[in-house]
Structures are given as C-alpha cells and as structure tokens.
Amino acid sequence: MDRIVDIATDGRHLSALRGFLIVSQDREEVGRVPLDDVSAVIVHAHGVTWSTNLIVALARRGAVMLLCGSNHAPVAICLPLDGHHAQNARMRAQWEAGKPLSKQLWRRIVIAKIRWQAAVLEANGVSASAFDLLARRVGSGDPDNVEAQAARRYWPLLMGQDFRRDRDADGVNALLNYGYTVLRSLCARAVVASGLHPSIGVHHANRTNAMALADDLIEPFRPLVDALTLRLVARGAQTVTPEAKRAFAGLIALDLPGADGTTTVAGAANRAAQSLARAFQSGQSADLVMPTPPSALELAGLDALLA
C-alpha cells in the first residue's frame, strides 16, 4: 500500500527500526509506519532531523523524501540511485532521445492534460467543448503553446474570474502547491522505479530542476488536485490544514479508469512512467500511455477523501 507521510510538526525526529519508519518527539515515539507502505516522505516543518539508516531504508524501497519551503512547494529531494534492472539502458536511451521524439512525447502529454482539464470542468457542470478543439490543435512540441491557451480558459472557469494561479501566494494557491507536491513525489518515484533519470525531461529543461521528468509526467494528473482543491474550498478551507493534507495524501489511492481496467492514481503514474521508458527505447511516441480522463462518477470519488 502506497502512503504519503507528511511531517508538519517542528522538532520531530525520523528514524528506521525493524521495518518501520519511527516518528519521535523528545525521544518519545509518537507514530510509526511500515517502511514497505511508504511512497514518499514530505517534510514541511522546521527543526526536523532524521537518521541515515532511514534514508537508506527508504531508498532501497524506491521511496523519496521531499523538503518543502514555506509555500508548500518542494525545494529539495532525496532519490534512490538504483531504480530498475534495465536502468543503464533506459537512461542511455532517455539521454540520447532526439528532439523529434521529445516533441511528440510532449504533444501527447499536453493533449492528455487538456482532456483531463475538460473532464474536471464537465464534472463540475461547466461546458468544456472548446477544450476538445484545443486538444486537436496541439502540434509536435506544442509550438503554439496551446497548453497555456487552455490554462487561460481553464482557471477562470474552474475557480472563478478573479482567480490567478500564483505559486508563491497563500490560500487556494498554497492548497494547489501542496497537492501538486504530493503527486510530484509520486511521479518522481514512478520515474525512478522505471529506470529513468528524473532530471532529464522531455520538455521541462531547467538546469536546476532535479525533477524535470517528473514535472512532465505530472501534467495530466494536475486537474485531480484542482478538483479536490475546489471541494476543499467549498468546505471552507483557506489554508493547508491537517485535514487538507490527509485528503491530498489520499489522492494516490483514488480509482481511475485504465485500458486494462480500474487502477489507482499510483498505478496510473507507474504505468505512464513504464510506457515512457519503452517509448525512449523504441523511439516511438505512440508507446507512451497517458492516463484516461475520469468520468464525473469517478471524480465523485474525491468526496470520500474529505470524510
């Protein structure tokens, strides 16, 4: 079972003992989680310490640790070096992928993202007919930046005309930051488990970004965070509360449609990462399998995360 462990209280100490992640305060245990269940550890609090044994234990299980800033966006990450038995060949293929392939892969990712945005809008009673047209206009590498055109339509329709997406802002933006951090950690883990290097992206290419490929892979999943944030705001949430964190952490277990039947968000991310690795090796962008946009009924499953 994949679980996100969030450390939001100052002064905690994290360690590993007999197969468990142990959380302690003033040398007294306050919680424990089986290490085999941990997908990622997200640290928001200050004064948190941890043992090297814990980092090694997490790495051996393919789990990641993210350190976040005050805006709930990640600023550092600890990733395992070994992720897959075919890692060397896959990383080589990833590194040697030409621009034509990368542009076609990015096209498929952008199309999937726009279709997910449309699904979320439709599930909230908003007509998204224009998004189908936008998705069909995405070219190789998205030279017309249709992704940004879709975003300019999407945010006012979903969040209201006065909303502005600002990574450094509080309130709704902070909730979005936290949700994206959860899914970003999930995608980073999926990328490493597939034998790929997270810093070599198909589109994101900032030299200081250690998770460029994870930032590519997360794009279709972002509307899930948006949909859950909308529900949290409707219930009065204006800050990243413990209740909001639990809801976002539960996203990874949400059921989604798939070509081979229902899977979880975590399963869909792993499938996308594995197919991306195959695409790098085959040189065929068609090998990339993006997650299927959910129906309104499937998105209704988000309500259970608020209980």
*Mind checking the dipole of the chain: about its Cα centre, +1 per Lys or Arg Cβ, -1 per Asp or Glu Cβ, Debye to the nearest 20?*
620 debye
*Selection from Ile218, His204, Leu230 lying farthest towards where the dipole of segment 196-236 points positive, charges on Cβ*: Leu230
_Antiparallel versus total DSSP beta bridges in the chain: what percent is that, nearest 5?_
60 percent
*In debye to the nearest 20, how big a dipole does segment 114-246 give about its Cα centre with +1 on each Lys and Arg Cβ and -1 on each Asp and Glu Cβ?*
220 debye
*Value of relative contact order over the chain, rounded to a whole percent, pairs C-alpha under 8 Å and six or more apart*: 18 percent
*Label-point separation in nm, Asp162 to Asp144, each point 7 Å along Cα→Cβ*: 3.4 nm
*Per-residue ³J(HN,Hα) for segment 296-305, Karplus 6.51 cos²θ - 1.76 cosθ + 1.60, θ = phi - 60°, Hz, x for Gly and Pro*: 4, 5, 5, 5, 4, x, 4, 4, 5, 6
*Treat each spin label as a single point 7 Å out from the Cα along the C-beta direction, and report the Ala8 to Glu243 distance in nm.*
1.1 nm
*Peptide ranges 279-292, 184-197 listed from the most packed, as the mean C-beta count within 10 angstrom indicates*: 184-197, 279-292
*Given the options Ile111, Ile22, Ile252, state which has the largest fluctuation in a GNM of the chain using a 10 Å cut-off (strictly under) for Cα springs.*
Ile22
*asked:* Please list, by residue number, every one of the trypsin sites (Lys or Arg not before Pro) in segment 13-45 that is coil in DSSP and has at most 12 other beta-carbon atoms within 10 Å.
replied: Arg18, Arg27
*Assign one of three labels to the chain, namely rounded, prolate or oblate, based on the Cα gyration tensor with a ≥ b ≥ c the square roots of its eigenvalues; rounded applies when a/c is under 1.5, prolate when it is not and a/b is larger than b/c, and oblate otherwise.*
oblate
_Given R₀ = 45 Å, what would the calculated FRET efficiency be for Ala205 paired with His46, taking r from the Cβ atoms and rounding to 0.05?_
0.90
*Of Asp26, Asp142, Asp2, which has the most accessible area with a 1.4 Å probe, and how do the rest follow in descending order?*
Asp26, Asp2, Asp142
*asked:* Can you classify segment 4-125 as rounded, prolate or oblate using the Cα gyration tensor, where a ≥ b ≥ c are the square roots of its eigenvalues, rounded means a/c under 1.5, and otherwise it's prolate if a/b beats b/c and oblate if not?
replied: oblate
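The values are calculated or read from the model by the stated rules, or taken from the named source; none is laboratory data. If you're wondering where the values come from, they're calculated on a predicted model, not measured in any experiment. Cβ atoms come from the backbone with ideal geometry, glycine included; neighbour counts cover every protein chain shown. Protein only, heavy atoms only, side chains kept; ligands, DNA and RNA dropped before computing areas. Shrake-Rupley method; radii C 1.70, N 1.55, O 1.52, S 1.80 Å.
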